[in-house]
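See structure below.
Derivation of every value follows stated rules applied to the coordinates shown; laboratory data play no part. Fair warning: this is a prediction, and the values are worked out from it, not measured in the lab.
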Amino acid sequence: GKRRGAPPPVLESQDRSWTFLTNHAHVLICISTGEELTARELALRVGITERSVQAILTDLTGEGYLIKS
């Protein structure tokens, strides 16, 4: 049967890895502020690698969400 008495362990916020928004959305939101950010700065803000940011920027440009200038 079920164990009684001890409550289930509480997950600390650092143990949670999900989000409602995709990394693509996070990058797009950061860019939408109008602040000039490097891929490295975007990576640090979103919490992903610089390589992932480059791939996301390629995706967003390819789909027409961003325009290279």
### Query
In sequence order, what are the phi-derived ³J(HN,Hα) couplings for segment 30-42 according to the Karplus relation 6.51 cos²θ - 1.76 cosθ + 1.60 with θ = phi - 60°, rounded to whole Hz, with x for glycine and proline?
4, 5, 5, 5, x, 6, 7, 10, 7, 4, 5, 5, 4
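Could you quote the convex hull projected area for segment 15-69, Cα atoms only and averaged over all directions, in nm²? If you can, show how the numbers build up before the last one.
Details: hull surface 16.3 nm².
Reported value for the Cα convex hull: 4.1 nm².
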### Query
Given 0.36 nm per residue, what is the gain on full extension from residue 18 to residue 38 after removing their alpha carbon distance, in nm?
4.7 nm
### Query
Between residue 66 and residues 5 or more places away or on another chain, which pairs have amide H atoms under 5 Å apart, with H built 1.01 Å from N, and which residues are they?
61
